[in-house]
Amino acid sequence: WSQTWSIDNVWDDSLNTSWSSEGFEQSTSVELTLGLSQSRDMAGLVLIPTPGFHAMFPKALTLLTSENATQWTAVYEASDIPVPGEVFEIAFEPTRTRYLKIRVDVLPEAYGIYYTSLAEAKIIGADEENFSIQLSWLAPGDNEHTGLATAYALRWKDTSFTPAEWDTATEYTGELPF
């Protein structure tokens, strides 16, 4: 497999490089095993789709952790993953790990070839509780094309959610800077 699609690209902090699985004639399972420089407490993972190839993001995946690369424990499993926007964030119970395995259980298909691609993977440490998120959006005014909106509804969950699950998410009640 060419250096252009190397596993090292998942950790290089660049959206200009990507990892890609080999192509297959039918959907199959592929694994991406990452060794950390040392054991650490991990509570999540952020996966960033390859720019321009969001549809090649895994359709189903399992995350496994290990201290010795022999005995693995599944910490997250998802199927029917919708095509993500800019990031796909996964949270799970904090676990000590030295190795992380991303098992893609269902590959997406493009032009009769089944493969998957990721630009970046970023570990969320168990001690990283305080973080900030910057949101930006375009919205019409209260009279459609001009003016300012009189209110915004912002909701959040520890996991991703669909529009059908909107009411189950927690409403943000803090001050918005606008």
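Each reported figure results from applying straightforward, stated rules to the coordinates on display, with no laboratory input. Note that the structure is a prediction, hence the values are computed from the model and not measured. FYI the Cβ positions are ideal-geometry reconstructions off the backbone, even for glycines, and counts take in every protein chain you see.
Data table
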| quantity | calculated |
| --- | --- |
| Charge sum, other residues only, whose C-beta stays under 15 Å from Phe161's C-beta, Lys/Arg counted +1 and Asp/Glu -1 | -4 |
| 3J(HN,Hα) from dihedral phi, region 46-58, Karplus parametrisation 6.51/-1.76/1.60, rounded to Hz, x for glycine, proline | 10, 10, 10, x, 5, x, x, 10, 4, 5, 8, 5, x |
| Three-way shape label, region 1-111, alpha-carbon gyration tensor, a/c 1.5 | prolate |
| Sum of side-chain charges, Lys122 neighbourhood, beta-carbon under 10 Å (Lys, Arg +1; Asp, Glu -1) | -3 |
| Built amide H within the under 5 Å cut-off of Glu120, gap 5+ | Ile48 |
| Estimated distance in nm for a label pair at Thr73 and Glu86, the labels positioned 7 Å out from Cα along Cα-to-Cβ | 3.3 nm |
| Residues whose placed amide H lies under 5 Å from that of Ala110, excluding near-sequence neighbours | Tyr115 |
